[in-house]
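Have a look at the structure below before the remarks.
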Amino acid sequence: MSGLLRGPLLALDSSGRSAYVAVEVDGRVLAGETVSAQANASSALMPAVDRAVAAAGLRPRDVAAVVCGGGPGSFTGLRIAAATAKGIVRALGVPLYAYSGLMAAAAAHRVDERPVCALFDARNHEVYAGCWSFGGDCVREEVLGVAALGIDELVERLRRLPVRFVGDGAALHRDALVAEFGGDAVDVEDRSLARGLLWLARAAADAGRVADAAAWEPEYVRAAGVERIAAARAGA
């Protein structure tokens, strides 16, 4: 583990349909929770954090750093996770690390050197997408930077590449992806983003360190629907 990240780590993400929490000590994940973000993540996330910390045999003050999903995803979910993470690091006086939730999803599904493309549903036949290859204990290459894309544009950009697709966006658009990339290219297993975040914190600590936790905000990638409507009306 990086010298920057000694001690117990707490990871959390509520950017999608599920919220994830995990606690790691000395490179081992000792506890984790998955809760439905549909069931009011604002009231469910902090109790899940408390349970996971206790299940790991720790007290809150034992946590040495917090790792948070940094977007994209549900605007409400991202804000809840960010506020929770910032509140914890402020209360405990510990550092904050943040990574793309897409990269965390891809990292959680890494099994070989084949690039993993994580897709989150962005509605209106669009997905949030990002694709990376992993080698050993590191992120080897960014194949596709984080973006909001139509599913047809995504297919065109990655056509002929030996990629695997994961995430709720992959499940939603499975038929289109299988038609182009084959049945073994889509993995719809739900794996904890929090565990992916913990792996990234070990693999790329410097890249995730947040210099000013109080000022940090997630990367939303695009404006919220209501903001896009307001902008369109203003430009009309």
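The values are calculated or read from the model by the stated rules, or taken from the named source; none is laboratory data. Please read all numbers here as calculations on a predicted model, not as lab measurements. For neighbour counting, all protein chains shown are included, and Cβ atoms are generated from backbone atoms with ideal geometry for every residue, glycine included. Surface accessibility is based on the protein's heavy atoms, side chains included, excluding ligands, DNA and RNA. Shrake-Rupley method; radii C 1.70, N 1.55, O 1.52, S 1.80 Å.
The table that follows gives values for the structure above.
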| read-out | value |
| --- | --- |
| All positions within the stretch 95-130 that are assigned to a strand (DSSP E or B), buried (at least 24 other Cβ atoms within 10 Å of the Cβ) and not aliphatic (A, V, I, L, M) | Tyr97, Tyr99, Cys117, Phe120, Tyr128, Gly130 |
| Some residue of the stretch 31-44 being out of contact with any helix residue (DSSP H, G or I) (no Cβ under 7 Å at 6 or more places or on another chain), open to solvent by less than 40 Å² (accessible area, probe 1.4 Å) and closer than 16 Å to Leu197 by Cβ | no |
| Checking Val66 against (1) assigned to a helix (DSSP H, G or I); (2) in contact with a helix residue (DSSP H, G or I) (Cβ under 7 Å, 6 or more places away or on another chain), the condition it does not meet | (1) |
| Residue among Ser192, Ser133 that is under 15 Å from the mean Cα position of the chain (by Cα) and either loosely packed, with under 15 Cβ neighbours inside 10 Å or hydroxyl-bearing (Ser, Thr, Tyr) (or both) | Ser192 |
| Residue satisfying condition, being in contact with a His (Cβ under 6 Å, 6 or more places away or on another chain), without any contact (Cβ under 8 Å) to a residue 60 or more places away in the chain, over 17 Å from Arg17 (Cβ atoms) and not acidic (Asp, Glu), within set Val53, Val116, Val94 | Val116 |
| Residue satisfying all of: in the stretch 173-184; hydrophobic (A, V, I, L, M, F, W, C) and surrounded by 19 or more Cβ atoms within 10 Å (Cβ to Cβ); nearest to Leu102 (Cα to Cα) among these | Leu177 |
| Test result for Ala83, in contact with a strand residue (DSSP E or B) (Cβ under 7 Å, 6 or more places away or on another chain), within 22 Å of Ser36 (Cβ to Cβ) and open to solvent by 20 Å² or more (accessible area, probe 1.4 Å) | no |
| Residue in the stretch 136-167 that is least open to solvent (accessible area, probe 1.4 Å), counting only those that are among the acidic types (Asp, Glu), under 16 Å from Leu200 (Cβ atoms) and over 17 Å from the mean Cα position of the chain (by Cα) | Glu141 |
| Residue in the stretch 6-19 that is surrounded by the most Cβ atoms within 10 Å (Cβ to Cβ), counting only those that are within 13 Å of the chain's Cα centre (by Cα) and at pLDDT below 95 | Ser15 |
